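Read the structure below first, then the notes.
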Amino acid sequence: MSIIAEHGQLLLVLGCLFGFFMAWGVGANDVANAMGTSVGSKALTIKQAILIAIVFEFCGAYLAGGEVTSTIRKGIIDAAYFTDTPHLLVYGMASALLAAGTWLFVASLMGWPVSTTHSIVGAIVGFTAVGVSADAVAWGKVGQIVASWVVSPVLAGAMSCILFLSAQKLIMDRDDPFAAAKRYIPIYLFLVGFMISMVTLTKGLKHIGLGLSFNESLGVSAAIATVIMIIGKLFMARVKPRATDSSPHNTERFADVERVFAVLMVFTACSMAFAHGSNDVANAIGPVAAIVSVIESGGQIAAKSALPGWVLFLGAGGIVFGLATYGFKVIATIGTHITELTPSRGFAAELGAASTVVLASATGLPISTTHTLVGAVLGVGLARGIGALNLRVIGNIFMSWLITLPAGAILAIIFFFTFTSVFG
């Protein structure tokens, strides 16, 4: 307790700085998941994507990021082990933020899309198991997270492949694909609105006290999707065919169809950015909330703590800053380096990823948004054959996934013992 009393304010400042650094990493690396497909498909320029993401990621993080957060992120460690040594929890959470932020910085520098969730989980498990006690780690929860490495990309890839093939059959293979696009894309637009609304309601807005059940969320999402479908139809009415020849040999007619799909991509980009900001800001502010709670209470460990608005603002600001300064690297990897994307392919990838997140929310399956979207892009590429994929880039991505948990853990252990040697 004396350490908290003596060094509390310094530790609080360090925790906030490291939290901002971690949020920067979320913006620089993870936000590309929401924007990469839109940029890669050329539905949006990188400047437009960053502007959209800045607005919607910030709104999602600040408005829907949560009023109450668990001090122990995702329940992976037992708070009871820190009751007599609250300063170790503060050291540990600060170490976890600095470790995860450092790893995300390295990954972003290399253009690797890695999981921010796995980065912070690996860091928290590392300092707890080595610095406190291996018994304090909920290893079953860690096992579920490891299993999600396989489940989420495979599930998203399968869904995206089916969506892309359905668009091929219903629209691209028709005699008049532009007319078919006008007929079927409103249905896809309804699905986009529905799935993105479900992502936001089930994962994003659960902290602000709406109290909606899963069935109530279904009803609200259907209503929102209907409104989005109507707005989308109004936008699509302004897209006129440029190709005068509708013969099967005229490739220009497919360009007209892609322009209609580009309307879809603007909706998915805005919605995915909001849902992502509302959900993943917790990776940065969860540990900060733990530090603030322990220090402001004089060393008391609470299972949950009220989240001050300024902490949420810190996380939202960090995400936006990270995206604006370094998000372009991972956006390029997701959008252009895995496989060639068009608006129709990018749409299939984003809707497949969103559907997987909704399914995971309904079943309680822990997944990574990064792994989900990369799997979705892979699924779209595989629908066109293995030759459509850049296997070297995919190999690098998979390798970065494998080392994310141990990298976070090792760095956190180093930083944890540094803090204990400096502060006692």
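The values are calculated or read from the model by the stated rules, or taken from the named source; none is laboratory data. Here the structure is a predicted model, which means the values were calculated and not measured. Because the Cβ atoms are built from the backbone with ideal geometry, glycine has one as well, and the counts that use them run over all protein chains shown.
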For this session: Kindly indicate whether V357 is out of contact with any Gly (no Cβ under 9 Å at 6 or more places or on another chain), more than 27 Å from A134 (Cβ to Cβ), of a type in the set (A, V, I, L, M) and part of a helix (DSSP H, G or I).
Result: yes
For this session: Exactly one condition in (1) within 15 Å of K182 (Cβ to Cβ); (2) part of a helix (DSSP H, G or I); (3) at pLDDT below 70; (4) not hydrophobic (A, V, I, L, M, F, W, C) is not met by T202; state its number.
Result: (1)
Seminar exercise, completed: Contact list, first residue from the range 305-321 and modelled with pLDDT under 85, second anywhere and assigned to a strand (DSSP E or B), beta-carbon distance below 8 Å, six or more apart or interchain, is S305/V68; S305/T69; A306/V68; L307/V68; L307/T69
Problem set entry | Checking I124 against (1) surrounded by fewer than 24 Cβ atoms within 10 Å (Cβ to Cβ); (2) among the β-branched types (V, I, T); (3) closer than 22 Å to M22 by Cβ, the condition it does not meet | (1)
Exercise. Is it the case that K169 is at pLDDT 90 or above, among the basic types (K, R) and either crowded, with 24+ Cβ neighbours inside 10 Å or in a helix (DSSP H, G or I) (or both)?
Worked result: yes
Problem set entry | Residue list for the range 132-166, filter: polar (S, T, N, Q) and outside any helix (DSSP H, G or I) | S133
For this session: Determine, yes or no, whether I367 is under 19 Å from the mean Cα position of the chain (by Cα), crowded, with 17+ Cβ neighbours inside 10 Å and not in a helix (DSSP H, G or I).
Result: yes
Exercise. Within the bounds of the range 78-87, is there any residue that is touching a residue at least 12 places away in the same chain (Cβ under 8 Å), on the phi < 0 side of the Ramachandran plot, part of a helix (DSSP H, G or I) and in contact with a Gly (Cβ under 7 Å, 6 or more places away or on another chain)?
Worked result: yes
Problem set entry | Test result for I46, aliphatic (A, V, I, L, M), at pLDDT below 85 and touching a Leu at 6+ places or on another chain (Cβ under 9 Å) | no
For this session: Assess whether V374 counts as being touching a Lys or Arg at 6+ places or on another chain (Cβ under 7 Å) and either not in a helix (DSSP H, G or I) or not acidic (D, E) (or both).
Result: no
For this session: Look at the range 19-48 and say how many of its residues are more than 30 Å from A96 (Cβ to Cβ) and of a type in the set (A, V, I, L, M).
Result: 4
For this session: Could you please let me know if V151 is buried (at least 16 other Cβ atoms within 10 Å of the Cβ) and out of contact with any helix residue (DSSP H, G or I) (no Cβ under 8 Å at 6 or more places or on another chain)?
Result: yes
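Yes or no, residue by residue, for (1) over 30 Å from V257 (Cα atoms); (2) β-branched (V, I, T); (3) not in a helix (DSSP H, G or I):
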{"residue": "H7", "(1), (2), (3)": "yes, no, no"}
{"residue": "L11", "(1), (2), (3)": "yes, no, no"}
{"residue": "C16", "(1), (2), (3)": "yes, no, no"}
{"residue": "G36", "(1), (2), (3)": "no, no, no"}
{"residue": "I52", "(1), (2), (3)": "no, yes, no"}
{"residue": "E57", "(1), (2), (3)": "no, no, no"}
Problem set entry | Residue tally, condition at pLDDT below 95 and either among the charged types (D, E, K, R) or surrounded by fewer than 24 Cβ atoms within 10 Å (Cβ to Cβ) (or both), over the range 88-104 | 1
